[in-house]
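What follows is one structure encoded as structure tokens, with my remarks underneath.
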Amino acid sequence: MRWIIDASAGIRITLNRGLSDQLSNIIKNNLINAPAIYVSETGNGLWKYVLYQNMSRDEANILHQRCLELVDNIIPAQVFRESAMNISTSYRITFYDALYLTLAQMQNCGIISFDRKLVSVAKILNIKTFEPNQEMS
């Protein structure tokens, strides 16, 4: 099976905050994809740890590489940007989040996220979700 991973999940997993046995099995045993924005969003998230949480640049670079290693395929967003804009404006979520949801719809797969708003819209769109401390829905 395929899953889409978002930046919230990638960062939490690499920081060892939220990697349950079930999630670990999903990552190891399935194809994990992400839109190209994942690279920027995970980098930006780790940049915040450097600025505000006393993380070193070297550690941030190592963790960013680990975020990228979670993903089997980075998908360019040009092909589905229009659909993402439709979801973004229809459900009042960021365009970034809509890119993850649109890719999950296009690939008919689930999404791994720690972002409550993204997960709530995924459920409205009937996208399978994996959330921390819950069984798959």
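The values are calculated or read from the model by the stated rules, or taken from the named source; none is laboratory data. On a predicted model such as this, the values are computed, not experimentally measured, just so you know. Methodologically, a virtual Cβ is constructed for each residue, glycine included, from the backbone with ideal geometry; neighbour enumeration extends over all protein chains shown.
State yes or no: is ASN16 on the phi > 0 side of the Ramachandran plot and free of Cβ contacts under 8 Å to residues at least 24 places away in the same chain?
So ASN16 fits the description; yes.
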Candidates ASP58, ASP97 - the one that is part of a helix (DSSP H, G or I), out of contact with any Pro (no Cβ under 8 Å at 6 or more places or on another chain) and either more than 19 Å from LEU118 (Cβ to Cβ) or at pLDDT below 95 (or both): ASP58
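Search region 73-105 for residues being farther than 19 Å from VAL39 by Cβ and touching a residue at least 24 places away in the same chain (Cβ under 8 Å), and hand back the single one that is nearest to the chain's Cα centre (by Cα).
ILE93
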Residue list for region 19-44, restricted to those being modelled with pLDDT of 95 or more and under 13 Å from ILE5 (Cα atoms): ASN30, LEU31, ILE32, ASN33, ALA34, PRO35, ALA36, ILE37, TYR38, VAL39, GLU41, THR42
Lone qualifier among VAL79, VAL50 - being over 20 Å from GLU131 (Cα atoms) and at pLDDT below 95: VAL79
Positions within region 100-137 being surrounded by fewer than 20 Cβ atoms within 10 Å (Cβ to Cβ), part of a loop (DSSP other than H, G, I, E, B), aliphatic (A, V, I, L, M) and modelled with pLDDT of 95 or more, in sequence order: LEU125
Per-region count, region 71-99, residues buried (at least 18 other Cβ atoms within 10 Å of the Cβ) and within 19 Å of LEU23 (Cβ to Cβ): 1
Selected residue (only one of ILE27, ILE37, ILE32 is among the β-branched types (Val, Ile, Thr), more than 12 Å from VAL71 (Cα to Cα) and touching a residue at least 24 places away in the same chain (Cβ under 8 Å)): ILE37
